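What follows is a single structure, written as structure tokens, with notes after it.
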Amino acid sequence: MLVAESGADLEGHGLRRTMGLFQLVCFGVGAIVGTGIFVGLSDSVAEAGPAVVVSFLLAAATCVVTAFAFAELGSAIPVSGSSYSFAYATLGEPVAFLVGWCLLLEYGVSVSAVAVGWGQYLSALLDSVTGLTLPRALAAPPGDGGVVNVPAVVVIGLAAVLLVRGVRESARATAVMAVVKIAVLVLFCAIAFTAFEAGNLTPFAATGVAGITSGASIAFFSYIGFDAVTTAGEEVRDPRRNIPLAVLICIGVVTVLYCLVALAAVGALSAGEVADQPAALSLIVDEVTDSSFGGGVIAFGAVVAIASVVLAVLYGQTRVLMSMSRDGLVPRVFERVSPRTAVPVAGTWIVAAVFAVPAAVVPLDVVLNLTTIGTLAVMGVVNFAVIVLRRRHPDLAADFRTPLFPFVPALGVLLCLYLMWGTGSGTWARFAVFLAAGALVYALYGRRHSRLGADGGVTRRGAPGG
């Protein structure tokens, strides 16, 4: 028996299948391209130097092999919840809860990280248009001259407003924003390559393999969000076909774009000039054109890009919590869907309010590293889940199959562990505390309220088999 493809919540108001392939691809690109490339590029350059291109390729390789796993699981298990639902169907409830707990980092905490970068580019945009800049205390992340990041809270609030209006409206807005930010990054490449100097690429790997690995761990944040496509499993038309296609298309487009942007950036200015610069892409264009107009255009693209990522990952977090709520692992308020808009309104506002707090007051580097290690852990589990699913249910229907099985998913697990190692011991310690807290929450709340036991061992999604 296949995994149950239930789209209705227990109140009787289900999600609606309104998204096609183009909208899903735009949603995926919207979830990926944002703070990581517009803000985090300079941090990757600081670690890897000109070899940052290799760092982006290493991060991309991890995402590509994992994308195959997501594509197969999204085809076989087309329900909301993404990695959480995949883990539940293959590895059981305790592991699934910890995966869902880690997804709080990928979707929830990353909303905070993404929103933090919005204020920097908003300030750059205002400077180029009006000559005014936002006070650093109110627009920069704590630890970088900021006290309370007000723009970060504002952009999360705006995304929540749009989401509660309905998925169709959100998808249209995301599609427009995805086209805008791709156009802006292409424009950046066109401008930066006019000032390309091969001498800026030497020495190419001065920091060695360790620098490239550390740079890849930071660059990985730029790819976070592609799996958000699989959270829309119950709101996509023909999900068994469209989800795998959308995942692979998104990764392909973004990888090519990122490598071109990274190469253009370190070719136009030296790695030392790019490293640790806020709003680095705007700075590069200003230097190349000797004008603030071009940088203003890039800043506008970044403002749009980061806003669309906030929108997409906030959406993903609410759908993960909806799936967990259906299974009794988090309070039922997260599974309640508005009969008018067919979206979880209360859950959306709760998520927005909770994660606006770290966006306002937590230093960016702490948020980035914790998000990265949590996401890599989830992706490692997803690769392992494909192996388990194939071994236990080799005849399970799926429109996409991971190639070179089991080599590719095993490589995915190893690459995830390798990049996790590159995040540093401090991040590992914080992550261990986070996992311990998750295990405690499951023991005290999740296990007691689980519908697995209440249903006599049969879950809402139902593990494949039989």
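Coordinate-derived values only; no laboratory data. Worth saying up front: this structure is predicted, and the values here are computed from it rather than measured. Cβ sites come from the backbone with ideal geometry, for glycine too, and all protein chains shown count toward neighbours.
Numbers below:
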read-out	value
In degrees, nearest ten, helix 292-326 long axis to first principal axis of the chain (Cα)	10
Length added when fully stretched, residue 421-residue 95, from 0.36 nm per residue minus Cα-Cα	115.2 nm
Computed FRET value (nearest 0.05) for residue 17 with residue 441, which takes r as the C-beta separation and R₀ as 41 Å	0.80
Segment 21-447: C-alpha pair distances exceeding 42 Å, %	8
Extension gain from residue 332 to residue 210, taking 0.36 nm per residue of separation minus the Cα-Cα distance	39.4 nm
Sites residue 161 and residue 61 - FRET efficiency at Förster radius 51 Å, r taken between beta-carbons, to 0.05	0.85
Segment 17-46-segment 325-368 distance, computed between alpha-carbon centres (Å)	20
Segment 254-300: Cα Rg divided by the 2.2 N^0.38 Å rule of thumb	1.11
Using θ = phi - 60° and Karplus 6.51 cos²θ - 1.76 cosθ + 1.60, couplings along segment 115-127 (whole Hz; Gly, Pro as x)	5, 4, x, 5, x, 5, 6, 4, 5, 5, 5, 4, 5
Segment 131-164 versus segment 266-280: alpha-carbon centroid distance in Å	24
Computed lengthening from residue 241 to residue 194, 0.36 nm per intervening residue step minus Cα-Cα distance	12.8 nm
Over segment 88-136: Rg over Rh, Cα atoms, Kirkwood Rh	1.41
Estimated FRET transfer efficiency (residue 410, residue 354; beta-carbon r; R0 51 Å; 0.05)	0.90
Angle between the chain longest axis and helix 364-392 axis [Cα atoms, degrees, rounded to 10]	40
Relative packing of peptides 310-317, 64-71, 327-334, 445-452 - highest average C-beta neighbours within 10 Å first	310-317, 64-71, 327-334, 445-452
Sequence-separation-based contact order of the chain, relative, with Cα cut under 8 Å and 6+ spacing, percent	34
Under the Karplus curve 6.51 cos²θ - 1.76 cosθ + 1.60, θ = phi - 60°, whole-Hz ³J(HN,Hα) for segment 107-113, x wherever Gly or Pro sits	9, x, 5, 5, 4, 5, 5
Burial ordering of 52, 155, 285, fewest other beta-carbon atoms within 10 Å first	285, 155, 52
Span from the segment 169-232 Cα centroid across to the segment 381-445 one, whole angstrom	24
Label-point separation, residue 187 to residue 291 (7 Å along Cα→Cβ), nm	1.2
Cα-centre dipole for segment 218-319 with unit charges at Cβ (Lys and Arg positive, Asp and Glu negative), debye to 20	520
